[in-house]
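*Asks:* Below are the structure tokens for one structure; questions will follow.
The values are calculated or read from the model by the stated rules, or taken from the named source; none is laboratory data. The structure presented is a predicted model; accordingly, all values stated were derived computationally and were not measured. Every residue, glycine as well, gets a Cβ built from its backbone with ideal geometry; the counts of neighbours run over all protein chains shown. Please note that ligands, DNA and RNA were not included when accessible areas were found on the heavy atoms of the full protein model with its side chains. Shrake-Rupley method; radii C 1.70, N 1.55, O 1.52, S 1.80 Å.
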Amino acid sequence: MANSTDLFSPLQSELDQLAQTLDVQSVLIMRSTPTHMRVEATGGPAEKIYQVGAEGKKGSAFSEAHELYCERVVDTGNPLFVEDSSQDPEWDGNEDQVEFGLVNYLGYPLRDASGEVFGTVCILNDVPRTYEESDKAAIETLLDQAESILQEATTLSS
């Protein structure tokens with residue numbers, strides 16, 4: 001059963017459904033802080049690993065930390081796909097691979113109402129794989145829903 005902060009609770013069923021449809025270990029909504037990436041919503045079998053509120057250290061803030069996949073997405077504002085981190089010198093040894101055995105990543109920047117990158121919507125898996133256009137479209141639908149929630153929250157707080 002998916003879990004999320006109150007902000008993203010309307011998306012809980014979508015998180016688990018997407019993880020099941022794509023047969024991946026984790027579907028996440030992540031928030032970027034100056035020093036960490038924080039889990040805002042989690043779905044799929046790996047939600048016991050990625051619990052709401054859990055944080056990963058950013059490589060830019062901690063010299064001992066490897067750059068996180070989501071950190072790259074936030075820093076560049078561009079999607080990132082890593083088919084198999086264990087075969088990619090740039091990503092081999094990252095926290096998700098070493099600690100959790102998750103070698104496959106696809107993530108998109110999640111933007112707030114002002115266009116600033118809030119965090120990411122991403123998926124992780126324990127086996128290398130590629131994604132069809134229909135898979136990417138499903139992830140982008142979740143991204144659109146998350147961005148709508150951020151825009152509504154911004155409007156309500158203004």
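*Asks:* To the nearest 20 debye, what charge dipole does the chain have about its Cα centre, counting +1 at the Cβ of each Lys and Arg and -1 at the Cβ of each Asp and Glu?
*Replies:* Details: 9 positive and 29 negative charges, 77 e Å.
Roughly 360 debye, rounded to the nearest 20.
*Asks:* Using the heavy atoms of the protein chains and a 1.4 angstrom probe, tell me the accessible area per residue for region 23-158 in square angstrom.
*Replies:* 47 Å²
*Asks:* Roughly speaking, to the nearest percent, how much of the chain's 1.4 Å accessible area is carbon and sulfur?
*Replies:* So the carbon and sulfur contribution to the accessible surface is 47 percent.
*Asks:* Give me the accessible area of Val52, 1.4 Å probe, in Å² rounded to the nearest 10.
*Replies:* Its heavy atoms expose roughly 50 Å² to the probe.
*Asks:* Taking only Cα atoms and a 10 Å spring cutoff, compute GNM fluctuations for the chain and point out the largest among Glu133, Glu95, Glu55.
*Replies:* Its mean-square fluctuation being the largest, the pick is Glu133.
*Asks:* Shifting gears a bit: I'd like the accessible area for Asp16, computed on protein heavy atoms only with a 1.4 Å probe and all protein chains in place. Round to 10 Å², please.
*Replies:* 40 Å²
*Asks:* Pick out the long, greasy-scoring helices in the chain: whole DSSP H runs spanning 30 Å or more along their own axis by Cα, mean Kyte-Doolittle at least -0.5.
*Replies:* Numbers: long enough: 133-157 (36 Å, -0.20).
Helices meeting the span and hydropathy rule in the chain are 133-157.
*Asks:* For Gln87 and Ala113, what is the calculated FRET efficiency with R₀ set at 41 Å and r taken between the beta-carbons, to the nearest 0.05?
*Replies:* So, using R0 = 41 Å, E works out to roughly 0.60.
*Asks:* Could I ask something else about it? Using a Förster distance of 25 angstrom, determine the FRET efficiency expected from the C-beta separation of Ala54 and Glu133, and round it to 0.05.
*Replies:* So the FRET efficiency works out to roughly 0.20.
*Asks:* Okay, moving on. Return the label of the correct value of Rg and Dmax of the Cα atoms in Å, as calculated from the structure shown, out of (i) 14.5, 47; (ii) 21.6, 72; (iii) 16.7, 52.
*Replies:* (i)
*Asks:* Please give the peptides 141-154, 108-121 ranked by average Cβ packing (other Cβ atoms within 10 Å per residue), highest first, as a rough proxy for protection. Before the final figure, lay out the partial values.
*Replies:* Details: 141-154: 16.6, 108-121: 18.9.
The peptides rank, most packed first, as 108-121, 141-154.
*Asks:* Please give, to one decimal in nm, the separation of the simple spin-label points placed at Thr35 and Val98, each 7 Å out from Cα toward the Cβ.
*Replies:* For Thr35 paired with Val98, the spin-label model returns 1.9 nm.
*Asks:* Could you tell me which of rounded, prolate or oblate describes region 2-47, using a ≥ b ≥ c as the square roots of the eigenvalues of the alpha-carbon gyration tensor, with rounded for a/c under 1.5 and, failing that, prolate when a/b is larger than b/c and oblate otherwise?
*Replies:* Here region 2-47 falls in the oblate category.
*Asks:* Given a 1.4 Å probe and heavy atoms of the protein chains only, how would you sort Thr21, Thr130, largest accessible area at the top?
*Replies:* These residues rank, largest area first, as Thr21, Thr130.
*Asks:* Could you identify which residue out of Ile139, Ile49, Ile29 has the top mean-square fluctuation in a GNM of the chain using Cα springs shorter than 10 Å?
*Replies:* Between Ile139, Ile49, Ile29, it is Ile49 that shows the largest mean-square fluctuation.
*Asks:* For region 85-139, what does the alpha-carbon gyration tensor say about shape, rounded, prolate or oblate, given a ≥ b ≥ c as the root eigenvalues, a/c under 1.5 as rounded, and a/b over b/c as prolate?
*Replies:* Note, shape of region 85-139 comes out oblate.
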